[in-house]
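**Q** Dropping a structure here in structure tokens format, bear with me for questions.
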Amino acid sequence: MMEEQQAALAEDVEAVSAFRDVPRTGVIYVMNEAARAGYRAGDVAWTNFGQGQPEVGPIEGAPPRLTQVDVSEDDHEYAPVVGLMDLRAAVADHYNRLYRRGMKSQYTAENVCISPGGRAGLTRTAAALGAINLGHFLPDYTAYEELLSLFRLFSPIPILLDPDRGYDFSLEELRREVQGRGLSALLVSNPCNPTGKAVSGESLRGWVAIARRYDCTLLLDEFYSHYAWTSTDEGPMPSVTAARYVEDVDRDPVVIVNGLTKNWRYPGWRIAWTLGPRSVIDRLASAGSFLDGGACRPLQRAAIPLLETDHVLAETRAIQQTFRRKRDLLLNRLTAMGVRVERPPEGTFYVWGNVGGLPEPISTGMGFFREALNHQIICVPGQFFDVNPGQRRQRAVSRFDQHVRFSFGPAEETLVSGLERMEAMLAAQR
């Protein structure tokens, strides 16, 4: 872990010998540092370009937001670890209706496991893996680092993507990595947090075909699948999901994690699901029984109507209209300031920018972050996305030391005020 992050952790509390230092994810780290600089939640004087959640209020064209949840007498009991059967069936039906029309093999409730949030779903998956080689990409989601460190049965194998190629990764390169490194599984966020790169259309079909041919399980984090800006997939709505290309839902080694957090804009509910072969779901349920115990029962029931097709289509279209406008705003303003974007985001609500061409001290991700705090701006330095499980790779400087992840999750007016302060910050440096 980076020296600054470790030092900040050490300052917080005196160590108790039985416990190890547990690193914070990038977003948690920057929010703690922002709090030290005076940030408080809801303070309109600040703009949080580090925000890992979408705006959760009403947006144009979206269905009304739920503001209350009924609690029945049964809801005071534990829910099944694998999730309520009605919600599991609703998730399966959702994928079949939107992505698998006319296909012989269809998902059922037994192909779905409900978990209390996406991290819990990913943790269950990691806990259920065997003694295998698991590939993961650089850069990728910061929380993968500790997730890939906790369980010692599998060996995480990093695959570095080249910024000068726009983080491209061909099907032939995928085949060589799977065969050459003996990968039995591959963990990837698609669309990718932080770069916004999306594998879709025939390319995604090819990924699924390689996974099927070489028995390499795709573990796909699809939490940003509805934030699709350049998707070539066909169907009722543009959305990036491998569920379109699975031939046999119980045999193809494709495991998808998704939930209400991003695509339905209900992050506080902590309702997520994992979709995959029944044999995998059985193992995830067993892992959940000792890891987390299952998701909130009344919120699971309340989630069922949110998966009705009319609701999904309306919410997705509203997201794509509102967030596409914010994407273009942020992308254009950052580029005009001199932030280099190697690949405009094809998905997610992030812009992955290279600040190396800016004046010192804001020509590194951490330098930019530190100075931005003085202007009531929060962002996430790129070094946090250089996923390094167990700190096995020794490095003096992160390969993403000059990058910053900028979020267009906040409301548009908040972004505009933050961009104005950012432009003033850059003008002062020049």
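The values are calculated or read from the model by the stated rules, or taken from the named source; none is laboratory data. As the structure is a prediction and not an experimental result, all values here were calculated from the model. Here the Cβ is made from the backbone with ideal geometry for all residues, glycine too, and neighbour counts use every protein chain on show.
**Q** Would you confirm whether any residue within the range 313-327 is crowded, with 16+ Cβ neighbours inside 10 Å, more than 21 Å from residue 423 (Cβ to Cβ) and among the small types (Gly, Ala, Ser)?
**A** yes
**Q** Consider the range 121-144. How many of its residues are at pLDDT 95 or above, under 23 Å from residue 270 (Cα atoms) and of a type in the set (Val, Ile, Thr)?
**A** 2
**Q** Another question about this same structure. Give me the pairs, please: first residue somewhere in the range 165-178 and without any contact (Cβ under 8 Å) to a residue 60 or more places away in the chain, second residue anywhere and in a loop (DSSP other than H, G, I, E, B) and among the acidic types (Asp, Glu), beta-carbon distance under 8 Å, and either six or more positions apart or on two chains.
**A** Matching pairs, first to second residue: 168/162.
**Q** Take the residues in the range 381-430 that are crowded, with 21+ Cβ neighbours inside 10 Å and of a type in the set (Val, Ile, Thr); name whichever of them is modelled with the lowest pLDDT.
**A** The extreme case among them is 387.
**Q** Given the criterion without any contact (Cβ under 8 Å) to a residue 40 or more places away in the chain, within 26 Å of residue 138 (Cβ to Cβ) and hydroxyl-bearing (Ser, Thr, Tyr), identify the matching residue among 335, 348.
**A** 335
**Q** Which ones in the range 158-197 are under 16 Å from the mean Cα position of the chain (by Cα) and farther than 13 Å from residue 137 by Cβ?
**A** 196
**Q** Restricting the range 129-151 to residues that are among the hydrophobic types (A, V, I, L, M, F, W, C) and assigned to a strand (DSSP E or B), which is nearest to residue 78 (Cα to Cα)?
**A** Checked the range 129-151; the qualifying residue nearest to residue 78 (Cα to Cα) is 134.
**Q** Is it true that some residue in the range 53-66 is surrounded by 21 or more Cβ atoms within 10 Å (Cβ to Cβ), in contact with a Phe, Trp or Tyr (Cβ under 9 Å, 6 or more places away or on another chain) and closer than 30 Å to residue 403 by Cα?
**A** Here is the first cut: in the range 53-66, the ones surrounded by 21 or more Cβ atoms within 10 Å (Cβ to Cβ) are 54.
Applying the additional criterion that residues be in contact with a Phe, Trp or Tyr (Cβ under 9 Å, 6 or more places away or on another chain) yields 54.
Applying the additional criterion that residues be closer than 30 Å to residue 403 by Cα yields 54.
Yes, there is a match, as at least one residue in the range 53-66 is surrounded by 21 or more Cβ atoms within 10 Å (Cβ to Cβ), in contact with a Phe, Trp or Tyr (Cβ under 9 Å, 6 or more places away or on another chain) and closer than 30 Å to residue 403 by Cα.
**Q** Scanning for something part of a loop (DSSP other than H, G, I, E, B) and either touching a helix residue (DSSP H, G or I) at 6+ places or on another chain (Cβ under 7 Å) or touching a residue at least 12 places away in the same chain (Cβ under 8 Å) (or both), does the range 91-98 turn up at least one residue?
**A** No, the conditions are met nowhere in the range 91-98.
**Q** Further question: Within the range 361-373, is even one residue under 21 Å from residue 60 (Cβ atoms), at pLDDT 95 or above and among the aliphatic types (A, V, I, L, M)?
**A** Checking the range 361-373: not a single residue is under 21 Å from residue 60 (Cβ atoms), at pLDDT 95 or above and among the aliphatic types (A, V, I, L, M).
**Q** Let me ask something additional. Any idea which residue in the range 91-144 is surrounded by the fewest Cβ atoms within 10 Å (Cβ to Cβ), counting only those that are out of contact with any strand residue (DSSP E or B) (no Cβ under 9 Å at 6 or more places or on another chain) and aliphatic (A, V, I, L, M)?
**A** My answer is 103.
**Q** Here are some residues: 33, 110. Which one is at pLDDT 95 or above, acidic (Asp, Glu) and either touching a Cys at 6+ places or on another chain (Cβ under 9 Å) or closer than 30 Å to residue 372 by Cβ (or both)?
**A** Numbers: 110 fails: either touching a Cys at 6+ places or on another chain (Cβ under 9 Å) or closer than 30 Å to residue 372 by Cβ (or both).
So the residue among 33, 110 that is at pLDDT 95 or above, acidic (Asp, Glu) and either touching a Cys at 6+ places or on another chain (Cβ under 9 Å) or closer than 30 Å to residue 372 by Cβ (or both) is 33.
**Q** Restricting attention to the range 214-235, does a residue exist that is within 22 Å of the chain's Cα centre (by Cα), among the polar types (S, T, N, Q), part of a helix (DSSP H, G or I) and assigned by TED's automatic domain parsing to the domain that holds residue 284?
**A** No.
**Q** If you don't mind, another one. Here are 126, 120: which of them is farther than 27 Å from residue 351 by Cα, in contact (Cβ under 8 Å) with a residue 12 or more places away in the chain, not assigned by TED's automatic domain parsing to the domain that holds residue 347 and not in a strand (DSSP E or B)?
**A** 126
**Q** For the structure I just gave you, tell me whether residue 282 is over 18 Å from residue 186 (Cα atoms) and without any contact (Cβ under 8 Å) to a residue 12 or more places away in the chain.
**A** It is true that residue 282 is over 18 Å from residue 186 (Cα atoms) and without any contact (Cβ under 8 Å) to a residue 12 or more places away in the chain.
**Q** With respect to residue 359, determine if the residue is more than 25 Å from residue 190 (Cα to Cα) and either not in a helix (DSSP H, G or I) or not assigned by TED's automatic domain parsing to the domain that holds residue 35 (or both).
**A** Yes: the conditions hold for residue 359.
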